[in-house]
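Asks: Structure below; questions to follow.
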Amino acid sequence: MLKAYVALGANLGEPALQIEAALNRLAQLPETRLPARSRLYRSAPLGPAGQPDYCNAVAALETGLEPHALLDHLQAIERDAGRVRGERWGARYLDLDLLLHGDCRIDDERLKLPHPELANRVFVLQPLAEIAPALELPGHGPISARLAALPHWEIAPWA
Ligand SMILES: CC1(C)Nc2nc(N)[nH]c(=O)c2N=C1O
């Protein structure tokens, strides 16, 4: 089993319910356990203005699934939640991003690992730091130092 981290995001419909339902689906994936998940966070949307605040969380998985197989499952869960590939950076019912899969490095048309924006997004790093405070970000050192170095981005508990 390898450790993988998945970022969850939603800002349409009932975001918190969609995130909780997705966490339940992740915990039931084949060859997979979900030993930890963060609290839900509220943050202003990065990207086009005029869309609702996002609900974000991060889950830790222990999985025997290979990265692309895990990605297939994440995309199926997104589709079931009503994810339609609309405008780039538009509002969405559910976004599941594979952040890390062990020490795996991949760069193909479907999947980039580590996730290329992993070290740049407070709405990913804050929940990730909650469940993996000792994590070293590949190429960026300790997660706490990276969080301190990022420009301020409003983030708060969801409820
Ligand atoms: C549109 C874009 C980049 N902005 C986001 N902004 C926030 N706050 N949270 C997200 O999950 C998120 N996801 C995205 O894909």
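The values are calculated or read from the model by the stated rules, or taken from the named source; none is laboratory data. What you are looking at is a predicted structure, and each value in this text was computed from that prediction instead of being measured. Here Cβ is always computed from backbone atoms with ideal geometry, including for glycine, and neighbour counts include all displayed protein chains. Just the protein is used for accessible areas: all its heavy atoms, side chains included, with ligands, DNA and RNA removed. Shrake-Rupley method; radii C 1.70, N 1.55, O 1.52, S 1.80 Å.
Asks: Would you pull out the residues with amide H under 5 Å of Trp158's amide H, same chain only if 5 or more places away, H placed 1.01 Å from N?
Replies: Leu40, Tyr41, Arg42
Asks: For the range 37-102, which chymotrypsin sites (Phe, Trp or Tyr not before Pro) pass both filters: DSSP loop (anything but H, G, I, E, B) and at most 14 other C-beta atoms within 10 Å?
Replies: Trp89
Asks: In percent, what relative contact order does the chain have, based on Cα pairs under 8 Å that are 6 or more apart in sequence?
Replies: 30 percent
Asks: At a 1.4 Å probe radius, which order do Val58, Val84 fall into by accessible area, largest first?
Replies: Working: Val58 0, Val84 110 Å².
Final ranking, largest accessible area leading: Val84, Val58.
Asks: Can you send over the solvent-accessible area of Trp158, 1.4 Å probe, protein chains only, in Å² to the nearest 10?
Replies: 50 Å²
Asks: I'd like the projected area of the chain, averaged over all directions, using the convex hull of its alpha carbons. Report it in nm² with one decimal. Don't skip to the end; give the middle numbers.
Replies: Working: hull surface 35.2 nm².
In nm², the orientation-averaged hull projection of the chain is 8.8.
Asks: Next question, about the same structure. Near Leu111, within a Cβ-to-Cβ distance under 11 Å, what is the net charge of the other residues, with Lys and Arg +1 and Asp and Glu -1?
Replies: For residues surrounding Leu111, the net value is -3.
Asks: Counting other Cβ atoms within 10 Å of each Cβ, which GluC sites (Glu not before Pro) in the range 53-159 have at most 13 and sit in a DSSP loop?
Replies: Those satisfying the criteria are Glu87, Glu109, Glu117, Glu154.
Asks: In whole Hz and in residue order, list the ³J(HN,Hα) couplings for the range 151-157 that follow from phi through the Karplus curve 6.51 cos²θ - 1.76 cosθ + 1.60, θ = phi - 60°; x for Gly and Pro.
Replies: x, 4, 9, 4, 9, 8, x
Asks: For the chain, report the accessible area per residue in Å² (1.4 Å probe, heavy atoms, rounded to an integer). Let's see the in-between values first.
Replies: Details: 8080 Å² over 159 residues.
Per-residue value: 51 Å².
Asks: Counting only helical runs of four or more DSSP H residues, what would the 222 nm mean residue ellipticity of the chain come to if each run contributes -39,500 (n - 2.57) and the total is spread over all its residues? Numbers along the way, then the final one.
Replies: Details: 4 runs with 44 residues, N = 159.
Roughly -8500 deg cm²/dmol at 222 nm, from the helical runs in the chain.
Asks: Calculate the spin-label point distance for Arg88 paired with Glu66, positioning each point 7 Å from the Cα along the beta-carbon direction, and give it in nanometres.
Replies: About 3.0 nm, to one decimal.
Asks: Using 0.36 nm per residue of separation minus the Cα-Cα distance, give me the extension gain between Ala44 and Glu109 in nm, one decimal. The partial results should precede the final answer.
Replies: Numbers: separation 65, 0.36 × 65 = 23.40 nm, distance 2.86 nm.
Once the chain is fully extended between Ala44 and Glu109, it gains 20.5 nm.
Asks: Let me ask another. How much of the accessible area of the chain, probe 1.4 Å, is carbon plus sulfur, in whole percent?
Replies: Details: 4300 of 8080 Å².
Looking at the chain in its full context, I get 53 percent from C and S.
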